[in-house]
Every structure is written in C-alpha cells, then in structure tokens.
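Data first, discussion second: the structure below is written as structure tokens.
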Amino acid sequence: MITLIIISVLPIVLLYLGLYKAQKALLPVTIIGLLAALAAAVMQWTTNDQPQPIYNGMMLFNNFSVAFSVVSIISTILILLLSKGYFEKISTHIAEYYAIILFSLAGIIVMVSYHNLTMLFIGIEIMSVSLYILAGIRKKDFASNEAALKYFLMGAFSTGFLLFGITLIYGASGSFDLDVIRDWVVTHPRNIDPLFYTGILLIIVGLCFKVGAAPFHFWAPDVYEGAPSLITLFMSTVVKVAGFAAFLRLFSACFSTIADFWMPVLLVITIITLFIGNITALYQQSFKRMMAFSSISHAGYLLFAIVALGAGSANAVFMYATAYSIASIIAFGGLILVRQQTGSDNFEGFNGLAKKNPFLALVLTVSMLSLAGIPLTAGFIGKFFMFSGVLAHYNVWLVIIAVVNAIISIFYYFRLIIAMYFRSAERAEVEVPVYYKFVLGFSAIVTIIIGVYPAFISGLI
Amino acid sequence: MESLTQTIQAVPLNHYILLSAIIFSIGVMGVLLRRNAIVIFMSVELMLNSVNLLLTAFSVYRGDASGQVFVFFIMALAAAEVAVGLAIIVMIYRNTNSIDINVLNRLKW
C-alpha cells in the first residue's frame, strides 16, 4: 500500500519541481522516490499464505502483486535512466513527462494488486489515459500524432468491451468482488447464466486488445512505431507485463474452475498471435517495427500461462516477463543511441557497429539471444517455464507450434547480429553516455545471471 | 426512491439487456464504419453509456448499490478520457487541418 501512495505522491512533487524550474533535480528525485517505493514493496513480502484484502475488499497485496510491482518499478527505473537528455530535445517542460510516466506506473500498481473489478477498471484507465498523452508528446511529428490518436481510439474502444463484460458478470453473479464471483462460479457449476459466458468472452476481447494479442493487435505496430522510442519501450515492457498480470490474476482467481469453456478461445488466440507476430516480423525493414511485431509474438508466449492455468502460471509469467522486459530495455536503448547518430530506425543503421562500438554490439547480441530464447540467457529460462507448464497439461501440439515459432523468430533476431558483426559500413563511433553504459551493462549481466542460475528468482511466487 | 426503483422494475430485465446490447452494437458499428474522429469518439461514448444503463438496471434488480457506484466511476473516467481525447484531436487538426482518420495513413495499418 505504501508503494502505491509513494508512487501517487511523487508525480505531484515532480510537477512542483517543474513549476519552480528545478530541472536538474527531476531525475534524481524520481529515482530516489522509485527506490523508496521499491523498498516499500519488498518490505511487504509475506510468508503468510492468506493475506487479507484491504479497503472493503478493494485491494489485495499478496506475493503475486509484490513480485509484479517490483518488476514494474525496476523496469521503470531503468527506462527513466535512459531518459537522461531525451525529453529535453522534445520540449523545455520536462517535469510533466516524468510525472505522467509515474501516474501511469501508479495505475499499473493498481492493476497488479486489485481484488475487485472496479479497481481493475480504474487501474487500466489510469494507465491508459496517461499513455495516450505519452504516445503523442512529439506534438509536431505526424507519426507521433497518428500513434496517439490510434492508441486513444482503440484503447477507448477496448475499454468499452471490457466494461460490458464486467457488467454482464455483475448481472449474473451480483458482485464485483473476485472472491464472491469465484464462489458463485463454484456453487453454480451446471447452470451458469449465458450472461456470464458472454461476459467472460467480452473481458477476453477487452484484455487481449490491451496486451496486443492477435486478432486484436492491429493497433500495436503503428502505435509502437509512431510513438517516441522511449515511450514505446515503456509500452512494450512495463505496460504489457502489467496487462498480463491483471489478466492472470482475474482468470486464476475467478474463472479457473470453468476453464473448459474459455480455454479453447484463448488457445486459438494464442496460436494466431504467435504466427502473425513472428511471420510479419520477418518482413520488416525497420528495427523498431520489427520489435513491435516481436512484442506481439511475445504476448503469444505469455498467453501460454493463461491457457495452461495452474499453480506454476504466476511464476512462469513472472520469469518470462522479467526476461523479456530486460532484453527489450537493452534493444531499445541501443536503438535510441544508433538512431541519434544515423537518424533512421532501419537495420542498415546497425551495419558495422561491432568494429566501432564493441560494448554496444555485445549487449545488443545478448539481448537478441535472450529474446530468441537461446540457452544460457534469461529468455530461454522464461520459455522453458512456459513450455513446461503447457506440457504438464499434455498439450503437446501447442508446444510444437511454439517451438516452430521460436525457430522462425531466430531469423529476424539474428538479422541484427549479422548486420552488426558481418556487414561493413563507414561509420563514426556512437557515443554511449555513462547512464546508458550502466543500464545496458546491468541489464545484460542480469540476463546472463538469470540464464545461468535461474533459481534465485524462479521460486519467488 | 422507492417509487423510482419500482418504476425501473416495471420493465422486465430482459428488455434492459436487449436495449443495452443494441445500443452497444450501434456504438461498435459506429467505431468501425465512420471515418470522422469526432464521430468515432461519440460512438465510443455510446458504448460506455449503454454499459451505464445496464449497470443501473442490474443494480436496481439486485437491490445492490455497488453497480450504481461503478456508474459514477465510469462517468468520471469517461470525462477524463474526453479531455485527453479532444486534446489529441485538436493537436492533429492543427497539423493536418482535418479530423478524417483517412488522413492518418503515414504509418500503414
């Protein structure tokens, strides 16, 4: 709870700092505040198996919410460190950008610790409304404008579906509380209202829009390409992870006993997502757009945990999300640096990078290997947990499809490695600031540590 | 208050569900078919209002106030969304002099 309070008060402090022109203090204050929030979150870790919901059953802070809050906060800290000097190029009023990112993070904390469908809706809205603004912060840039409008229209549209689903579930079960809904499902196993089934389907549609799973993914590539790279990074890591945490929390708490009904629907969505994400990514010339499609395919892998809902699902999502977030931070950090030099997002911009910037090329290689799921990196461990969860449900075909897709994904991730190491181009050295060195190096080391010794975070939830 | 509840309950619940589903579908079709950003926006509001209507009806039939409280949350957040959304549309109008979403094809769909 203290975490949420700190993260909600911090942006207001930042806005005041901006008002009094304390530009230099913004980043340090943000980082210190987030570290305090992180400490508060870690302190809430309990060994108690049955933590009680607070505020009349609105919120429930258990180990699940602590783990996902910690991942979100750490990713946000790393992303904000990359923002050193980034927002100044867009506008002189930079306090607002930090504040809006933190408001969005507050929504994410609500999303991972809700215990009532009202809070799920409020959390998603706090996060989304902030992101609509962030997608359009380059006011004169057409691509950024377009991304903001598309994200806004699609986001509002999907909220409508989510709300209609919540309403139908309320109509059938008579409550928004997750425990009451679960008890209602358990006591009415045979004659569940058709309203309730329709409600579940509409909630699936709404949440799949938010996490960018096919066939509701069409907004994602445009928005990710048009938004400024740093905001794209925030959207494709922290926001996506929070979306899956909310998805998993709802389905494992309420609907796990009627999995026979919704599982086939999600199975089809998962398979379509994997194929569309991976095959379209093969044809992209722009690295940024390739990362957008790759994030769609990773949404497909993350859906595995919900398709094969079980005791290990939360752990699998946690591992996969951590690995994916850290690797994406490296990839986008590299992209921002290369783009500052060459001015384009294309693969050609990376040609010959290894000769001039061995460090940058090395961390980018680690990140690509991790995203592709090569052993000894965190991405492999994440995929391993996902696939073993599905295998425990004897869903061999799904695993075969997933492995085929993992092989397809190697082609497009390795294009970057080939461009960096085997294509030669005349280029000057890319200047890597100290902040970037720290974030990229830290992320690469964590990726390898998790890959070699996963036990230190795998048993947490 | 008592008479208000009775008035609402005079109409069978199924009719509320059907009416809301129809209004919701009109909203969805509006979002998918219309090309003007403001009209799309109005269609989204139509979807949200059909949800509000249905929540109120369920809440009255169940005798449970939490549904009506949810309606207030939806209204407040829809207002926040309108503020941000109209700002985005104004920003686009300044750059393109149009609010037709067909102008926005620089990024391929």
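The values are calculated or read from the model by the stated rules, or taken from the named source; none is laboratory data. Everything numeric in this text was worked out from a predicted model, so none of it was measured. All Cβ positions, glycine included, derive from the backbone under ideal geometry; neighbour counts span all protein chains shown.
Considering region A:25-59 alone, what residues qualify as being in a loop (DSSP other than H, G, I, E, B), over 23 Å from the mean Cα position of the chain (by Cα) and not hydrophobic (A, V, I, L, M, F, W, C)?
Selection gives A:Thr46, A:Thr47, A:Asn48, A:Asp49, A:Gln50, A:Pro51, A:Gln52, A:Pro53, A:Tyr55, A:Asn56, A:Gly57.
Tally time: how many residues in region A:140-169 are within 19 Å of the chain's Cα centre (by Cα), among the aromatic types (Phe, Trp, Tyr) and facing chain B (nearest Cβ under 7 Å)?
The number of residues fulfilling the criteria is 1.
In region A:30-75, what count of residues is obtained for those that are at positive phi and in contact with a strand residue (DSSP E or B) (Cβ under 6 Å, 6 or more places away or on another chain)?
Just the residues of region A:30-75 that are at positive phi, to begin with: A:55-57.
Right, trim to in contact with a strand residue (DSSP E or B) (Cβ under 6 Å, 6 or more places away or on another chain) and you get A:57.
Within region A:30-75, residues that are at positive phi and in contact with a strand residue (DSSP E or B) (Cβ under 6 Å, 6 or more places away or on another chain) number 1.
A:Phe61: of a type in the set (Phe, Trp, Tyr), surrounded by 13 or more Cβ atoms within 10 Å (Cβ to Cβ) and touching a helix residue (DSSP H, G or I) at 6+ places or on another chain (Cβ under 6 Å), yes or no?
Numbers: of a type in the set (Phe, Trp, Tyr): yes; surrounded by 13 or more Cβ atoms within 10 Å (Cβ to Cβ): yes; touching a helix residue (DSSP H, G or I) at 6+ places or on another chain (Cβ under 6 Å): no.
Answer is no for this residue.
Looking at region A:1-54 only, could you name the residues that are touching a His at 6+ places or on another chain (Cβ under 9 Å) and surrounded by fewer than 18 Cβ atoms within 10 Å (Cβ to Cβ)? Steps first, please.
First pass over region A:1-54, keeping only residues touching a His at 6+ places or on another chain (Cβ under 9 Å): A:18, A:53-54.
Residue satisfying the conditions is A:Ile54 alone.
Only one residue in A:Val338, A:Val366 is within 22 Å of the chain's Cα centre (by Cα) and buried (at least 23 other Cβ atoms within 10 Å of the Cβ), so which one is that? Walk me through it before giving the result.
Numbers: A:Val338 fails: within 22 Å of the chain's Cα centre (by Cα).
Of A:Val338, A:Val366, the one residue that is within 22 Å of the chain's Cα centre (by Cα) and buried (at least 23 other Cβ atoms within 10 Å of the Cβ) is A:Val366.
Quick check on A:Ala220: is it within 12 Å of chain B (Cβ to nearest Cβ), under 19 Å from A:Ser297 (Cβ atoms) and among the small types (Gly, Ala, Ser)?
Values: within 12 Å of chain B (Cβ to nearest Cβ): yes; under 19 Å from A:Ser297 (Cβ atoms): yes; among the small types (Gly, Ala, Ser): yes.
Spelling it out, A:Ala220 is indeed within 12 Å of chain B (Cβ to nearest Cβ), under 19 Å from A:Ser297 (Cβ atoms) and among the small types (Gly, Ala, Ser).
Tell me the helices (runs of 4 or more DSSP H) entirely within region A:391-461 that contain at least 1 residues that are charged (D, E, K, R).
Numbers: elements: A:396-422, A:434-452, A:455-458.
Result: A:396-422, A:434-452.
Which one of A:Tyr97, A:Tyr151, A:Tyr114 is in contact (Cβ under 8 Å) with a residue 60 or more places away in the chain and either over 29 Å from A:Pro215 (Cα atoms) or out of contact with any Gly (no Cβ under 8 Å at 6 or more places or on another chain) (or both)? Steps first, please.
On the way: A:Tyr97 fails: in contact (Cβ under 8 Å) with a residue 60 or more places away in the chain; A:Tyr114 fails: either over 29 Å from A:Pro215 (Cα atoms) or out of contact with any Gly (no Cβ under 8 Å at 6 or more places or on another chain) (or both).
Just a single option satisfies the conditions, and that option is A:Tyr151.
Residue check, A:Ile137 against (1) facing chain B (nearest Cβ under 7 Å); (2) not in a helix (DSSP H, G or I), all met but one. Which one?
(1)
Find the helices (runs of 4 or more DSSP H) located wholly in region B:1-89 whose residues include 2 or more that are at pLDDT 95 or above and within 11 Å of chain A (Cβ to nearest Cβ), and list them. Show your work before the answer.
Details: elements: B:2-9, B:13-33, B:37-62.
Result: B:13-33, B:37-62.
Do we have A:Phe244 as crowded, with 24+ Cβ neighbours inside 10 Å, of a type in the set (Phe, Trp, Tyr) and within 22 Å of the chain's Cα centre (by Cα) here? Reasoning before the result, please.
On the way: crowded, with 24+ Cβ neighbours inside 10 Å: yes; of a type in the set (Phe, Trp, Tyr): yes; within 22 Å of the chain's Cα centre (by Cα): yes.
Against the criterion (crowded, with 24+ Cβ neighbours inside 10 Å, of a type in the set (Phe, Trp, Tyr) and within 22 Å of the chain's Cα centre (by Cα)), A:Phe244 qualifies.
Can you spot a residue in region A:178-194 that is surrounded by fewer than 23 Cβ atoms within 10 Å (Cβ to Cβ) and within 9 Å of chain B (Cβ to nearest Cβ)?
No, because not a single residue in region A:178-194 is surrounded by fewer than 23 Cβ atoms within 10 Å (Cβ to Cβ) and within 9 Å of chain B (Cβ to nearest Cβ).
May I ask you to list the residues in region A:76-128 that are closer than 23 Å to A:Gly155 by Cα, assigned to a helix (DSSP H, G or I) and among the small types (Gly, Ala, Ser)?
Those that are closer than 23 Å to A:Gly155 by Cα, assigned to a helix (DSSP H, G or I) and among the small types (Gly, Ala, Ser): A:Ala99, A:Ser104, A:Ala106, A:Gly107, A:Gly123, A:Ser128.
Conditions tested, residue by residue: (1) more than 25 Å from A:Leu80 (Cβ to Cβ); (2) in a helix (DSSP H, G or I); (3) touching a residue at least 60 places away in the same chain (Cβ under 8 Å); (4) small (Gly, Ala, Ser).
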site: A:Met263; (1), (2), (3), (4): yes, yes, no, no
site: A:Asn278; (1), (2), (3), (4): yes, yes, yes, no
site: A:Ser297; (1), (2), (3), (4): yes, yes, yes, yes
site: A:Phe304; (1), (2), (3), (4): yes, yes, yes, no
site: A:Ala321; (1), (2), (3), (4): no, yes, yes, yes
site: A:Glu348; (1), (2), (3), (4): yes, yes, yes, no
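Take A:Leu82 and decide whether it is out of contact with any His (no Cβ under 6 Å at 6 or more places or on another chain) and not small (Gly, Ala, Ser). Show your work before the answer.
Values: out of contact with any His (no Cβ under 6 Å at 6 or more places or on another chain): yes; not small (Gly, Ala, Ser): yes.
When the stated conditions are applied, A:Leu82 passes them.
Within region B:82-95, does at least one residue satisfy the condition of being in contact with a Gly (Cβ under 9 Å, 6 or more places away or on another chain) and farther than 19 Å from A:Tyr151 by Cβ? I'd like the intermediate steps shown before the answer.
Step one: filter region B:82-95 for residues in contact with a Gly (Cβ under 9 Å, 6 or more places away or on another chain), giving B:87-88, B:91-92.
Then drop every residue that is not farther than 19 Å from A:Tyr151 by Cβ, which leaves none.
Looking for residues that are in contact with a Gly (Cβ under 9 Å, 6 or more places away or on another chain) and farther than 19 Å from A:Tyr151 by Cβ, one finds none in region B:82-95, hence no.
Can you tell me which residues in region A:117-134 are without any contact (Cβ under 8 Å) to a residue 60 or more places away in the chain and either under 28 Å from B:Ser66 (Cα atoms) or more than 7 Å from chain B (Cβ to nearest Cβ) (or both)? Reasoning before the result, please.
If we filter region A:117-134 for residues that are without any contact (Cβ under 8 Å) to a residue 60 or more places away in the chain, which is where we start, we get A:121-122, A:125-126, A:129-130, A:132-133.
Within region A:117-134, A:Phe121, A:Ile122, A:Glu125, A:Ile126, A:Val129, A:Ser130 qualify.
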